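A.B. asks: This is the structure I want to talk about, given as structure tokens.
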Amino acid sequence: MTNPAQRLAGKVAVVSGAAVGLGQAFAERLARDGADVLLVDLNEASETAARIEALGRRAVSVRCDVSDPTAVEAMAQQCRSAFGRCDILVNNAGIYFMAPFETLSFADWKRLLATNLDSTFLLSKAFAPGMKERGWGRIINLATNSIGLIAAGMTHYVTSKAAIVGFTRALATELGEHGVTVNAVAPGPTRTHGTTTGLPPGVSFDEVFSALAQQQAIKRGAEPSDIVGAVSFLASDDAAFMTGQTLVVDGGWWRV
Ligand SMILES: NC(=O)c1ccc[n+]([C@@H]2O[C@H](COP(=O)([O-])OP(=O)(O)OC[C@H]3O[C@@H](n4cnc5c(N)ncnc54)[C@H](O)[C@@H]3O)[C@@H](O)[C@H]2O)c1
């Protein structure tokens, strides 16, 4: 029997947006589970790579804009050269910013959809055929609980993530009989590079997030370590019979 702590031994994972934040935590957790990891980000993911190598696993960092089809194809080629394949894809790279609909520009709408949604299409397109051919694969997409708890100023973001949930359900239908599952994880507000640097001057993460947490059943702000277990589970054989689903991990705020 496989050691449960190494349930992804021999697998290769690709994690987008892996330089910081949730992507860094997912990459590290998958490595802890035994996988080697290709780290994809606009920026060098050297800190993430060092953490993975310290666990005795291989990490290769590739700089790539996941919204750019040519860059994604080149990255997929680098993955094939370095590891031969991708078994687990975590479509995590994403951006978010508040903008009331009235002032939201078409350029910002397209930029956000390209980063969050087009990237999910492009990376899945690059790696799903190999998973299907080998008869085993996991695609895990990042959604958000804000598709159910819709705050003002988020039309662009909520649209991108609701589309990702639809994409997840639809692609699962096409890949299910080939041993490839497609699921999503929908976190609530979580302490990351993005959420701690995107706040207005003078506003602290702890202040905002402990106020938001009062809406949750579990009344504390989330850390990336609260979310990684869901990704680890969906990547594992324990989740082999689960596909097309969205796991909400938000301390019991949005009850689906
Ligand atoms: N943190 C939260 O509260 C929260 C809640 C729900 C969902 N999410 C989702 O989780 C994901 C990660 O969020 P986070 O808070 O860790 O973000 P973050 O800003 O801390 O990190 C995002 C990473 O993605 C990379 N990235 C951005 N655009 C890219 C591009 N075009 N190509 C390649 N890499 C790119 C960035 O360089 C960065 O390393 C996002 O999809 C986000 O929407 C986050």
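A.B. asks: Calculate the dipole size of the stretch 180-256 relative to its Cα centre from +1 charges on Lys and Arg beta carbons and -1 charges on Asp and Glu beta carbons; express the result in debye to the nearest 20. Please report the intermediate quantities before stating the final value.
C.D. replies: Working: 4 positive and 7 negative charges, 40 e Å.
With only Lys, Arg, Asp and Glu charged at Cβ, the dipole is about 200 debye.
A.B. asks: Please name which of VAL12, ALA107, ILE147 has its Cα lying farthest along the dipole of the stretch 1-148 towards the positive end, using unit charges on Cβ (Lys, Arg +1; Asp, Glu -1) and the Cα centre as origin.
C.D. replies: In the stretch 1-148, that residue is VAL12.
A.B. asks: Rank the residues VAL165, VAL256, VAL15 as a footprinting-exposure proxy: fewest other Cβ atoms within 10 Å of their Cβ go first. Please list the in-between numbers first.
C.D. replies: Values: VAL165 18, VAL256 8, VAL15 32.
The most exposed by this proxy come first: VAL256, VAL165, VAL15.
A.B. asks: Measure up LYS132/LYS161; LYS125/LYS161; LYS161/LYS219; LYS132/LYS219; LYS11/LYS219 against 30 Å on the Cα-Cα distance and list the ones that go over.
C.D. replies: On the way: LYS132/LYS161 25 Å; LYS125/LYS161 18 Å; LYS161/LYS219 24 Å; LYS132/LYS219 41 Å; LYS11/LYS219 36 Å.
Result: LYS132/LYS219; LYS11/LYS219 exceed 30 Å.
A.B. asks: Note the full-extension length gain between LYS125 and THR155 as 0.36 nm times their separation in residues minus their Cα-Cα distance, in nm to one decimal. Display every interim value, and only then the final one.
C.D. replies: Values: separation 30, 0.36 × 30 = 10.80 nm, distance 2.61 nm.
Result: 8.2 nm gained on full extension.
A.B. asks: Continuing with this model, one more query. Going toward the positive end of the dipole of the stretch 161-256, with +1 on Lys and Arg Cβ and -1 on Asp and Glu Cβ, which of ALA170, ALA240, THR197 do you reach last?
C.D. replies: THR197
A.B. asks: State the Cα centre-to-centre distance between the stretch 197-253 and the stretch 6-68 in whole Å.
C.D. replies: 20
A.B. asks: Along the Cα-to-Cβ line of ARG85, 7 Å from the Cα, sits a label point; which residues in the stretch 1-41 have backbone N less than 13 Å from it?
C.D. replies: 10-13
A.B. asks: Can you compute the charge dipole magnitude of the chain about its Cα centre, using +1 on each Lys and Arg Cβ and -1 on each Asp and Glu Cβ, nothing else charged? Give it in debye, rounded to the nearest 20. The partial results should precede the final answer.
C.D. replies: Working: 22 positive and 24 negative charges, 78 e Å.
Once rounded to the nearest 20, the dipole reads 380 debye.
A.B. asks: In the stretch 152-256, which trypsin sites (Lys or Arg not before Pro) fall in coil by DSSP and have 14 or fewer other Cβ atoms within 10 Å?
C.D. replies: On the way: sites: LYS161, ARG169, ARG191, LYS219, ARG220, ARG255; in loops: ARG191, LYS219, ARG220, ARG255.
Hits after loop and neighbour filter: LYS219, ARG220, ARG255.
We did not get these values from a lab; they are worked out from the coordinates using the rules stated. On a predicted model such as this, the values are computed, not experimentally measured, just so you know. Heads up, the Cβs are rebuilt from the backbone with ideal geometry, glycines too, and the neighbour counts pull from every protein chain shown.
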